[in-house]
């Protein structure tokens, strides 16, 4: 039986538009569909709308998803959040802003798929249904989404975020090595940065 949970996209509409991944044969799934099974009782998700007035102050930023019941903001960070330093800096400022006005913020990197373990880490929710199969790689040359295509700050950010998802890190690292094209995978950039950060953390 084919797993109904596919590669993450921001919305079901974008997932349907993207179609089937030609390398894996796996489809895409919108974050809105994942949220239905992660938070089945929550029905107040607001997608891509300005915050508006909060505590008497007007905010124009547009979180990807927001729930007032949960006081939770979820951002799906696509490839451009790892290729453009100005966007990386903006993400940090927005996270701080949202936290300062009372929201919990969850950022989902484009290379992390919503497996059961990932959902537990990100949302502290146990889902009984089997979600994404984390033995499937998210990164690859064909998608031009490997470390080779990222800016230096993006590689650092990727390595730092992969530390929270060791199984998915190993899956992606192994797949990039099997592609046997260091120039286009940039696998050594990721591996070296990951090792440097882990070593610094342990010292």
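The values are calculated or read from the model by the stated rules, or taken from the named source; none is laboratory data. Only a predicted model underlies this, so the values are computations on that prediction, with no experimental measurement involved. When we count neighbours, we look across all protein chains shown, and the Cβ atoms used for this are built from the backbone with ideal geometry, even at glycine.
Key figures
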read-out	value
Qualifying helices (runs of 4 or more DSSP H) (wholly inside segment 128-203; at least 3 residues being out of contact with any helix residue (DSSP H, G or I) (no Cβ under 9 Å at 6 or more places or on another chain))	166-178, 187-202
Matching residues in segment 50-61 - criterion: being out of contact with any helix residue (DSSP H, G or I) (no Cβ under 8 Å at 6 or more places or on another chain) and either modelled with pLDDT of 95 or more or outside any loop (DSSP other than H, G, I, E, B) (or both)	52, 53, 54, 57, 58
Members of segment 168-192 that are surrounded by 14 or more Cβ atoms within 10 Å (Cβ to Cβ) and at positive phi	186
Cβ-Cβ under 7 Å pairs, at least 6 apart or on other chains, segment 1-29 side at pLDDT below 90, far side assigned to a helix (DSSP H, G or I)	none
Scope segment 3-49; condition closer than 22 Å to residue 175 by Cα, assigned to a loop (DSSP other than H, G, I, E, B) and either in contact with a helix residue (DSSP H, G or I) (Cβ under 8 Å, 6 or more places away or on another chain) or not assigned by TED's automatic domain parsing to the domain that holds residue 99 (or both); matching residues	5, 6, 27
Residues located in segment 98-116, provided they are crowded, with 16+ Cβ neighbours inside 10 Å and more than 13 Å from the chain's Cα centre (by Cα)	98, 103, 116
Test: residue in segment 172-187 that is modelled with pLDDT of 95 or more and under 16 Å from the mean Cα position of the chain (by Cα)	yes
Residue 128 being more than 18 Å from the chain's Cα centre (by Cα), free of Cβ contacts under 8 Å to residues at least 60 places away in the same chain and assigned by TED's automatic domain parsing to the domain that holds residue 33	yes
Subset of segment 73-97 that is touching a residue at least 40 places away in the same chain (Cβ under 8 Å) and in a helix (DSSP H, G or I) - its residue that is nearest to residue 158 (Cα to Cα)	82
Residue in segment 33-49 that is without any contact (Cβ under 8 Å) to a residue 12 or more places away in the chain and within 19 Å of the chain's Cα centre (by Cα) present	yes
Residue 117 vs. criteria assigned to a loop (DSSP other than H, G, I, E, B) and out of contact with any strand residue (DSSP E or B) (no Cβ under 6 Å at 6 or more places or on another chain)	no
